[in-house]
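To keep things clear, I will list the structure first and then write my remarks on it.
The values are calculated or read from the model by the stated rules, or taken from the named source; none is laboratory data. All values reported here derive from a predicted model rather than from experimental measurement. Cβ atoms come from the backbone with ideal geometry, glycine included; neighbour counts cover every protein chain shown. The protein model used for the area step is the full one, side chains on, heavy atoms only, and it has no ligands, DNA or RNA in it. Shrake-Rupley method; radii C 1.70, N 1.55, O 1.52, S 1.80 Å.
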Amino acid sequence: MANEVVKKEPMFTEGYVIMPYKYSVGTLASKFFIEIRDHKKINGVKCPKCNIVIVPPRSVCIKCFNKIEDLVELSGKGTLVTYTVAHYDSAVQAMKPPYAIGVIKLDGADTAITHFIGEVDFKELKAGMKLEAVFNETRNANILDIKYFKPVKNKG
Amino acid sequence: MTQRVAIVGIGQTNHSGRRPYHNDGEVIYDAISAALADAQLSIKDIDNVIIGDMELFEGHSLNDAMLLDYTGAEGRSGFKMNTGGTVGSMNVISGWYNVASEFSDTTLVIGWEKHDEGPTTSAITTIWDPAINRPFEVGAISGLAMISNAYMTRSGCPLEVGAIVRAQASDNAARNPKAHLRERYTVQDVMSARMVLYPLNLLMICPTSLGACALVLAGEKKARKINKKPVWIRDHATAHQVTRGMDFMAEAGKIDTSMTVTGRKIFQRNHITKPMEEIQVFEMYDPCAFCQPAWLEEFGLCEAGQGWRLIEKGVTAREGSFPVSPSGGTLCTNAIGDTATVRVAEAALQLRGDAGEHQVTREVKMALASGYGGMYWTDLLLLSNTLD
Amino acid sequence: MKAKPQLELIYLDMTLKMPFKWNTGEPLGEFFRELKANEKIYANQCPTCGRNYCPPANICTRDHSRCNEKDKWVAVGPKGTLLTFFICEQSFLIPTTGEMLEVPFSVGLVMLDGAPVVLQHCLQETDVEKIKPGMRVEAVFKPKEERKGNIFDIIHFKTIKE
Ligand SMILES: [Zn+2]
Ligand SMILES: [Zn+2]
């Protein structure tokens, strides 16, 4: 009996889950994004108790659970910790593949930030290489105001 | 290898409709800081963290992972609960299992929600079976509207009783600084509110709030050292109910609901024969105005058909002989992921005598707190301020 | 309350859009095939405890007995009695389509003739004065060529006089 039923046309219910969201980044992170948008500056936040510098910002210290309220200015330059190159596409990706994504430790920060790496031959990617931020012309106070990080060219 | 479990720290944010200055993690951090301060502990004294909220309400999955630094869970054990409306009580119950089993000595339990960020009703609608009844549901309230309508038909409960419940809740919430909707309403005000889902008007349904509530649970030996007024979790029960297109309603009034099952278990196991005398207050998860009358009956606190009559007599008021939701309840404050945690927290405050202006007039030794949601599921907890 | 300093606050607007294609499985698939082909609404019964299901259940929720023998299915409805209902007056975003709900929107639980089961579906009537629990209703089907084998092969339940 069960087999006879299974041989018939399979039935499906199709649809979507479509939902809009409005996420508050909070007071401290608002300041962080406004600095990027208005001054092309990537800031970190500093724990007043243990002095750790966190970027992207969090208003609670990841080490001592203390409240953090202030930004500290960073240079926008950093070091590549690790990376990967995306070769496949899906509906949710912000860039067309292939593109490189890196974990970057900004100078003066104790944590690292993930972002795209641009203006680079993928073969030249190497942990430890120096990178600097490149900003978009139009900026909307979100993380994509940073276009990508690119290798720092040694002068001369 | 079991130990008794007490609530030794209680923290709750104020609840509101919007809180744009803070992100979700910062709201949670406020509740945790308050709970730790109440217990006079620091995060270092916590060994296990359990967090719960509603899926898809804020638009990110695995938000326990995203919020880890704010919850203080790094390097500690713990997990995320996800049982829908009962999540706030299920995380307390999970905390109980962790501590009772001696797996943990001090567990931090967090319930939270930031309703202003996503389409709540749409998100809840995704819990329903897409082939059979998702098209016919409007979030959480449509099912409650059906249950209310059927209860009114079955028991003869008039629409005004819903308005009495809400007016009473508004007076309670006005006394509770943590509540969201704190305006006082008369029965007339409630009766004339805009219709949302017949028979429920805007004032007869719970609001969408944001806020967080945290509790610190500790094992017996530690509890007495930490807090002079530990509140003991005496017992708890959970019951699920299958609902394929609300098919259980075909036998409504004849079959056991999840409330009936949990009520019976708790009263039998604890030899409670006159629950409204032996228990002095009930913080009920009451998401619409007809939950109190219908569920007083279903929990087995009174006879079928009597729930609404008790409410008419003022029994469930803050000064009444069996106060229900003296905090203002879910009808005035509903950050879903924290709603049932708040029920437990508020029942515990009543037991400690620390509820302030909304403390009930009756002396409280034993209290009930419930969670409700998922799909007509119930958690019921029995709390007391002594172990006698 | 201290006044907050003026500060621009940043929000991120995001839309989550994820498609799904959910296999109904059996016996729900067969229930939909019957709706589509024959305008028939079927129910079944647990052979152990006698509980009734519409749409037919595979497994009894009470005792976990299998109850999907098609030859024991019974056709129920299309007429029935309204058990309870709601009328929604406030629109919301329907997550499966991304569109706003047209209101008023009324939904009932209908006790279908032939077995003690309820089916949840839209009511044609949206005027609260004209809907009463206990009233008689009947399923209205889409024309055969428009039926797709889903729950909307029934358009709604209309009020009938008997
Ligand atoms: Zn620190
Ligand atoms: Zn059965």
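Round to a whole number: what % of the accessible area of region C:26-159 belongs to carbon and sulfur, probe 1.4 Å? Here carbon and sulfur together make up 49 percent of the probe-accessible area. The Rg/Rh ratio of region A:27-151, with both radii computed over alpha carbons and Rh defined as the Kirkwood radius, is 0.99. How about A:Lys126: which lysines have a C-alpha closer than 27 Å to its C-alpha, ignoring those fewer than 8 places off in the same chain? Filter leaves A:Lys40, A:Lys41, A:Lys77, A:Lys96, A:Lys105, A:Lys147, A:Lys150, A:Lys153, A:Lys155. In this structure, A:Glu137 and B:Lys274 have a Cβ-Cβ separation that, at R0 = 60 Å, corresponds to a calculated FRET efficiency of about 0.20. The distance separating the Cα centre of region C:1-74 from that of region B:314-388 comes to 34 Å. Per residue of chain A, the DSSP helices (runs of n ≥ 4 H) give a summed -39500 (n - 2.57) that works out to -3500 deg cm²/dmol at 222 nm.
Residues in region B:314-320 carry Karplus couplings, in order, of x, 4, 8, 5, 4, 8, x Hz; the curve used is 6.51 cos²θ - 1.76 cosθ + 1.60 with θ = phi - 60°, and Gly or Pro positions show x. In the protein assembly as shown the Cα-Cα distances spread across 10 Å bins starting at 0 as 3, 14, 22, 22, 19, 13, 6, 1, 0, 0 percent of all pairs. Charged neighbours of B:Trp112, selected by a Cβ distance under 9 Å, balance to -3 (K, R count +1; D, E count -1).
Where does chain B land on the Kirkwood hydrodynamic radius, alpha-carbon pairs, in angstrom? All intermediate terms of the calculation are to be shown ahead of the outcome.
Numbers: mean 1/r = 0.0489 Å⁻¹.
For chain B, inverting the mean 1/r across all distinct Cα pairs yields 20.5 Å.
When the surface is traced with a 1.4 Å probe over the full set of protein chains, C:Phe20 keeps roughly 50 Å² accessible. Given a Förster distance of 35 Å, report the FRET efficiency between A:Glu73 and B:Ser42 from their Cβ-Cβ distance, rounded to the nearest 0.05. E between A:Glu73 and B:Ser42, to the nearest 0.05, is 0.65. Accessible surface for region B:235-295, divided over its residues, is 36 Å² per residue with a 1.4 Å probe.
B:Ser321 contributes an accessible area of around 70 Å² to the protein surface, as traced by a 1.4 Å probe with all chains present. Applying a DSSP loop filter and a limit of 15 other Cβ atoms within 10 Å to the chymotrypsin sites (Phe, Trp or Tyr not before Pro) in region A:56-156 leaves A:Tyr88. Region A:66-88 and region C:89-123 have Cα centres lying 50 Å from one another.
Over region A:27-151, calculate the relative contact order: mean separation of alpha carbon pairs under 8 Å at least 6 apart, over the residue count, as a percent. Provide the component values of the computation, followed by the final result.
Details: 263 pairs, mean separation 29.1, N = 125.
Result for region A:27-151 is 23 percent.
Which order do B:Leu62, B:Leu331, C:Leu12 take when ranked by solvent-accessible area (1.4 Å probe, heavy atoms of all protein chains), largest first?
Numbers: B:Leu62 115, B:Leu331 0, C:Leu12 50 Å².
Greatest to least solvent exposure: B:Leu62, C:Leu12, B:Leu331.
The alpha-carbon of B:Lys222 sits under 16 angstrom from the alpha-carbons of these lysines, leaving out residues fewer than 8 places away in its chain: B:Lys44. Spin-label pair A:Thr114-A:Met95: with each label point 7 Å from Cα along the Cα-Cβ axis, the two points sit 1.4 nm from one another.
May I ask you to give the percent of accessible area on region A:27-151 that is carbon plus sulfur, with a probe radius of 1.4 Å?
On the way: 3290 of 6480 Å².
That share works out to 51 percent.
How much accessible area per residue does region C:26-159 have, counting only protein heavy atoms and a probe of 1.4 Å, in square angstrom?
On the way: 5860 Å² over 134 residues.
For region C:26-159, the solvent-accessible area averages 44 Å² per residue.
Interface size, chains C and B: roughly 3600 Å² of accessible area buried, both sides included, 1.4 Å probe, rounded to the nearest 100. At a Förster distance of 45 Å, what's the computed FRET efficiency of C:Gln6 paired with A:Ala127, Cβ-Cβ distance as r, to 0.05? Efficiency computed from Cβ-Cβ geometry: 0.55. Pairs over the 25 Å Cα-Cα cut-off, from the set B:Lys225/B:Lys274; B:Lys178/B:Lys365; C:Lys40/C:Lys148; A:Lys8/C:Lys40: B:Lys225/B:Lys274. In the protein assembly as shown, the DSSP beta bridges split such that about 85 percent are antiparallel, to the nearest 5.
When the helices of chain B are scored as -39500 (n - 2.57) per DSSP H run of n ≥ 4 and the total is divided over every residue, the value at 222 nm lands at -10000 deg cm²/dmol. Projected over all directions and averaged, the alpha-carbon convex hull of region C:26-159 occupies 8.8 nm². In terms of accessible area, using a 1.4 Å probe and ignoring ligands and nucleic acids, A:Tyr23, B:Tyr70 rank largest first as A:Tyr23, B:Tyr70.
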